[in-house]
Structures are given as structure tokens and as C-alpha cells.
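First comes the structure, then the notes that go with it.
The values are calculated or read from the model by the stated rules, or taken from the named source; none is laboratory data. Quick caveat, the model's predicted, so the values are computed rather than measured. Neighbour counts run over all protein chains shown; Cβ positions are idealised from the backbone, glycine included.
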């Protein structure tokens, strides 16, 4: 009798283990969508993209910016306030190119985003969008400005002007920002500009390079010598020897502070795709090899490569799942990397993980993710519609 009693729990555990073994592989059929259902190649928006876009447009209604959403992010990281605006403006520009019938309405939203961002910078200075330690010391460059702020604003304005170049004010604003970025980069020993005092970020410098390229296309300027200087110095001094990936942060004279990070490298590759497509593709492939993983059809990205000796957690990294190393910031930006380089399999796996673990909330046909925030939703939206803006700038530049 006692043997039979002991055998029942053992059998129950065995049955449970078998059920789990059969059930887990089936989850992907519930959460994983075919790539064509996520990102349309021929134009238009997928249902997922449309639901995210409609919510963002509603948040940035004529009554003003989404104060509560932005305040919640700023409590964790004021950088996310600016980044959410940049990714949203870029997403709206791509959506407008995909759906010309909505261009007027989406341009109006981009204008609200840009106008509010410029107003806050004028009223409170660039430190409004920077972490507190920006005030702990002085920038090395005499301008005392951050290329993080100038580069993102320049790229937002360039995206808007690509859709409709009807604002002399925005032309002047982009010209001033481009000149400021150029001056700072030219003064830098290796052609880089600071995001924080004696702290350059690859993320920010590649965004600035993309903005300068867009400025060249729109205003017939020529920043190619400066760009080539940055690229040459980056290949020589900013590449991690263990992985071949760009480091994430470094001093103004080119000494690495932090090694490659997922929350930086994917955006760097995206920006480089506009100025050096071959190297951009190389950086994405290296990031995928060292950072991205897939398990049972669910994809994720690590923040740091296993071979890195300069892994250092920061606020941009976001939470990391123990043991497997899945990181929120890296996985979010990996979506943009996969979209930029048409890696459909990786993209579908990353979205599947998002739908499983980030708790999508659908309300009135719009969508948000409970485990995310405004910058995370904007990055996802941008990745879903990315492509037309870079293609348009390339086409105009070739003419």
C-alpha cells in the first residue's frame, strides 16, 4: 500500500513534466506571427503597426503632449523623454510615406512633437533631457552642449522636412543644429562629440551622422569628409577586439569606457545604414551572433556579449532576466536592428517574446504594452514601419 502511495506523486510529476514538454513548444504557434503579418514590404501598415500608431497619435492630440506618460518615464530616466519623441517622429514619418493619404495628419503630429521638444529645451536647457550627472562636471568642448540632444532634434526635423519642406523656421533650425554638430565633431580629437562631459556615446554619434546625411540631402551641404573621418577613427579606436563590435561609450579622445551593448549597437547600426551600409550590416551581423538568442521560437537579446570585459549596467539597459540574460533594452532595440536589415526570422521571434512577456493591452482598437513605456512602444512602432524614410533619403541623395 505504501509503495502505491509513493508511486502516485511520482507518476503525477512525470505526467506534468511530459505535459509541459509537449506544451512549451506549442506556445510559438500562439504567439509567433508570420513576418508578412508584422512588417509589410509593399507599403501600408500591418494591423499591429496601425494599432500602435493610432494610440500614439491619440496621445499626442491637439490638447498637448502626454504629460502623464512622459512624467512616468522621466522619473526613471529623462533621456527616455527625448528618445520617445525621436522614435515617434521617425515612426510617423515612415508611416506617412507608407500611407500618403494620412500624410497631412501625421505631419501635424510630428510638428506638435518637435514644437514641444524645442519649447522645453528653450525653457529648461538641454539638461532637461539628460541624467543628473551631466551637471557634475563641465563638458570638454567649449560649447557645453550634448550631441545626444542636438542629434536627435536634428534627425526629427530632417524626417519632418523629408515629408514636406514648407517651413523656413525648421530649415533654419536644422541648419543651426547641423552646424553645431559639425563644429563639435571637428573639434573632437577623433571626430566625435560628447553626450555627457568627456563621455561620447556611439548611439548618439551615429544618430548625429544620420542627421548630417539627411541635412546634406535636404540642403545640399556636404558633411562627407567629417563622416569619413569619424568612420576611419571608429574602425581604428572604437572597435572591441573580442567581438569586432563598436563599443558603446568612450572618452572624447577615444578611450573605451564601456564595451559593446545591445541597447546601443542596434541603433548605431541603424544610423550607420544611412552613411556606410556595408559596415552597418557587418555590425548588425556581429551583434546578432554575440547577443541574440532564440528558444522554442521566442527571441531575445542580451545586453552584453559573453566575452566582454567591460560590461557595466546602466539605466538604459533596463531589467535583465537572470540565467538566460534576456535584456529589455537590448531586445527592444534588436527589433529595430532586425527590421533595418530585413532579418524576418529574428524579428518574428522578438515580437513573439514581446507578446508573451510584455502584456499587450488592447483598448478601442489601439495597443500598448503594460510592461513597456512610451519609448518602448515608440521603438516597436518604428521597427514595424521602418524603411521608407531611409530609402527616400538614399534615393534623393543618389540624384
Next item on the list: Select from segment 365-399 the residues that are in contact with a strand residue (DSSP E or B) (Cβ under 7 Å, 6 or more places away or on another chain) and crowded, with 17+ Cβ neighbours inside 10 Å and list them in ascending order.
Entry: 367, 368, 369, 376, 377
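Please tell me if residue 291 is within 20 Å of the chain's Cα centre (by Cα), under 22 Å from residue 184 (Cβ atoms) and either surrounded by 21 or more Cβ atoms within 10 Å (Cβ to Cβ) or without any contact (Cβ under 8 Å) to a residue 24 or more places away in the chain (or both).
So residue 291 does not fit the description; no.
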Checklist line | Count - residues of segment 370-399 that are outside any helix (DSSP H, G or I) and within 26 Å of residue 271 (Cα to Cα) | finding: 5
Item checked: Within segment 253-342, strands (runs of 3 or more DSSP E) holding 2 or more residues that are modelled with pLDDT of 90 or more, closer than 17 Å to residue 204 by Cβ and touching a strand residue (DSSP E or B) at 6+ places or on another chain (Cβ under 9 Å) -> 256-258
Next item on the list: Working only within segment 343-359, note down all residues that are surrounded by fewer than 17 Cβ atoms within 10 Å (Cβ to Cβ) and either within 25 Å of residue 279 (Cα to Cα) or at pLDDT 90 or above (or both).
Entry: 344, 345
Item checked: residue 90 farther than 15 Å from residue 156 by Cβ, out of contact with any strand residue (DSSP E or B) (no Cβ under 7 Å at 6 or more places or on another chain) and surrounded by 19 or more Cβ atoms within 10 Å (Cβ to Cβ) -> no
